[in-house]
Amino acid sequence: MANMLLQNLDELYKPFIRPARKRYTVAELGPDEFSIGAHRVRRNDFQVSNRRNLRIRGSLFKPEGFQPATSAVVIYLHGNGGCRKDALPLLHLVIPLGMSLVAFDFAGTGQSEGEFITLGFNERFDLEAIIDYVHKNIQGCSNILLWGRSMGAATSLLYAGEHSNKIKGVIADSPFSCLTELTLGWCRNKISELVPEFLFRIVIDEVRDQVRARVGVDIFEKRPIEAAKNITCPLLLAVAKDDQLTHPNKVREIYEVAKNNNPLNKLCEFEGDHNSDRPDHYLKEAKEFLKLILTQSLQKQLQQQQQLLQLQLQQAAKGYAGNKHQTPQRMNPRAVRNYLQNPEANKT
């Protein structure tokens with residue numbers, strides 16, 4: 001067993017950064033227009049460029065009559081070896097909520113450009129480009145939600161840990177806590193738990209060196225569990241009880257470091273393994289989570305509008321009392337923004 005392991009050391013990087021690319025045609029994404037229940041849906045295919053100037057291809061599924069100011073856009077992030085097709089089953093969950101769904105191929109997967117994936121390190125910049133696209137093409141949309149699985153879940157955590165104020169919530173299904181633990185899980189799953197621990201450490205070090213030599217960065221530096229500490233938006237973590245790759249106990253550790261950051265944070269566990277179909281009760285819980293986040297966001301927007309109105313009335317009253325013959329001026333936008341950021345400091 002040990003000799004076989006050592007003989008294949010030069011290709012250990014492949015399962016991590018060069019898995020088999022999932023091939024598909026645009027026709028497999030379905031028709032440009034279709035219906036889900038009473039909702040008429042239109043699919044718009046697009047492409048954007050990431051920081052490395054690689055073209056990322058994606059699709060926007062938008063229900064007819066979509067109201068960006070009072071609804072949300074869910075961005076789905078696929079796993080290692082996946083593609084945007086993986087998001088299609090979620091249409092029947094997201095669209096009836098009146099939300100839009102965006103799915104895309106990470107660089108190095110599906111129809112996007114690129115040779116390697118990086119398990120979240122560069123993928124967070126792909127996500128950055130997708131979010132920019134949403135803001136530019138759906139005017140007035142402030143409610144962006146992330147739904148990631150495996151590598152996509154880890155990417156969601158890494159991005160949200162740096163930009164928690166830019167998104168309203170995250171669903172992270174089977175994220176790994178760090179790449180060292182992921183590699184260790186892969187070793188035990190693919191090789192044998194009977195192999196001595198010191199050989200696993202050799203494999204981990206070799207994988208790290210091979211990956212760094214090919215992608216030019218040390219992707220092991222980014223740890224989703226550390227990013228989770230800084231996530232303040234609502235977070236739903238999910239994991240299958242028999243997941244031998246990311247392991248339930250490691251997902252529980254992520255939950256433990258983030259659970260007190262937001263009262264809506266939850267952990268959902270269910271039967272199955274890393275790649276098994278997700279059960280209905282989990283999908284139902286995810287759906288309720290999306291609804292709850294949107295409700296909370298709209299309530300906050302309403303409160304801000306009420307604060308703005310109150311401030312305008314206060315300023316109008318002051319202007320009228322100071323000069324009854326002069327019409328009060330409209331509020332300066334900068335003053336309004338300052339008030340909303342710190343209303344207590346503006347009380348008289």
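Quick look at the values:
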quantity	calculated
Rounded if a/c under 1.5, otherwise prolate or oblate - region 164-222, Cα gyration tensor axes	oblate
Angle in degrees between helix 123-137 and the longest Cα principal axis of the chain, rounded to the nearest 10	30
Three semi-axes of the equivalent ellipsoid, the chain, Cα gyration tensor, whole Å, largest first	43, 23, 19
Per residue solvent-accessible surface (Å²) - region 185-303, probe of 1.4 Å	53
Per residue, in Å², the accessible surface of region 1-114 once ligands and nucleic acids are set aside, probe 1.4 Å	45
For region 1-118, the spread of Cα positions along each principal axis, largest first, Å	61, 32, 27
Against the rule of thumb 2.2 N^0.38 Å, how large the Cα Rg of region 54-177 comes out	0.97
Accessible area of the chain belonging to carbon and sulfur atoms, whole % at 1.4 Å probe	48
Spin-label pair residue 260/residue 32, simplified geometry with 7 Å Cα→Cβ offset, distance in nm	5.4
Rg over Rh, two decimals, region 120-209 (C-alpha only, Kirkwood Rh)	1.15
Whether region 180-280 is rounded, prolate or oblate, judged on the alpha carbon gyration tensor where a/c under 1.5 counts as rounded	oblate
Chain lengthening between residue 44 and residue 299 when straightened (0.36 nm per residue, less Cα-Cα)	88.8 nm
Principal-axis tilt of helix 179-190 within the chain, Cα atoms, nearest 10 degrees	40
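The values are calculated or read from the model by the stated rules, or taken from the named source; none is laboratory data. Being a predicted model, the structure only gives us computed values, none of them experimental. Cβ atoms come from the backbone with ideal geometry, glycine included; neighbour counts cover every protein chain shown. Keep in mind that these areas ignore ligands, DNA and RNA; they rest on the heavy atoms of the full protein, side chains included. Shrake-Rupley method; radii C 1.70, N 1.55, O 1.52, S 1.80 Å.
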